[in-house]
Amino acid sequence: MTQFLPDNLLKLFAPRPPLPFLPPVDELSIDKKKPPPQGLAQYVPLFETKTEPAPEPPKIPTKEEKRAQRRKEKEELLAYKLEQQIAMWNPTDNENATSDPYRTLFVARLNYETSESKLRREFEVYGKISKIIMPVDKDGKPRGYAFIEYSHKSEMSRRCPADLVGLEA
């Protein structure tokens, strides 16, 4: 196929002349005589002295050690915050706390639809109510129980005659 090409293109496919042989400048590295391997022991005294101890390598903590350290720091911080809150806590500052626990009645298993006015209407029969506390959750829904504080201790422990009828039988 190349015989049909013009001369100028045939020159592109012609082989190049061989490289001329030149003798090596030095003797071959294989033929050279090498000194025996000696190592680095002879140079160690230049860098170290026996009087100074070698520095200890730095301690790099593992993931578990880091996690345990963070957990310990967090626990210490929480314990410190709790100590501070306990030191600053004053039971009389709480607006939900009752002034006298002996005048407070705990009512449980309330319907979630029950309002403070319904409780006041039902329990005011026994005596004058000074405060009603109905705890709610974060969403504002009632928790199903209440604390009713009467003005006098005797009113809280007094029973209505209808209750006594059921007890006598």
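Only the coordinates and a few stated rules stand behind these numbers; no lab work does. What you are looking at is a predicted structure, and each value in this text was computed from that prediction instead of being measured. Positions of Cβ are backbone-derived with ideal geometry, glycine not excepted, and every protein chain shown enters the neighbour counts.
For K81, go through the aspartates and glutamates and keep the ones whose alpha-carbon is under 20 Å away, minus same-chain ones fewer than eight residues off.
Hits, sequence-local ones excluded: E73, D93.
I'd like the orientation of helix 63-88 relative to the chain: the angle between its Cα long axis and the longest Cα principal axis, in ° from 0 to 90, rounded to 10.
The angle comes out near 30 degrees.
What is the Cα radius of gyration of the chain over 2.2 N^0.38 Å, N being its residue count? Walk me through the numbers on the way to the answer.
Numbers: Rg = 48.7 Å, N = 169, 2.2 N^0.38 = 15.5 Å.
That works out to 3.15 for the chain.
For K72, which aspartates and glutamates qualify as cross-link partners when the Cα separation must be under 20 Å and same-chain residues fewer than eight apart are set aside?
Once the sequence-local aspartates and glutamates are set aside, what remains near K72 is E64, E83.
When only alpha-carbon atoms count, how far does region 102-163 stretch along each of its three principal axes, as whole angstroms with the largest first?
In descending order, the Cα extents are 37, 23, 16 Å.
Using a/c under 1.5 as the rounded threshold, could you call region 52-113 rounded, prolate or oblate? The axes a ≥ b ≥ c are square roots of the C-alpha gyration tensor eigenvalues, and prolate needs a/b larger than b/c, oblate otherwise. Numbers along the way, then the final one.
Numbers: a/c = 7.40, a/b = 2.92, b/c = 2.53.
Because a/c hits 1.5 or more and a/b exceeds b/c, region 52-113 counts as prolate.
Using per-residue counts of other Cβ atoms within 10 Å, averaged over each peptide, order 7-18, 140-151, 77-88 from highest down. Each step should come with its number before you reach the end.
Details: 7-18: 7.4, 140-151: 15.5, 77-88: 9.3.
Packing proxy ranking, top to bottom: 140-151, 77-88, 7-18.
Pairs of lysines 8 or more apart, or on different chains, with alpha carbons under 21 Å: count those in region 102-163, would you? List each step's numbers first, then the result.
On the way: K118/K128; K118/K131; K118/K141; K128/K153; K131/K141; K131/K153.
Final tally of qualifying lysine pairs is 6.
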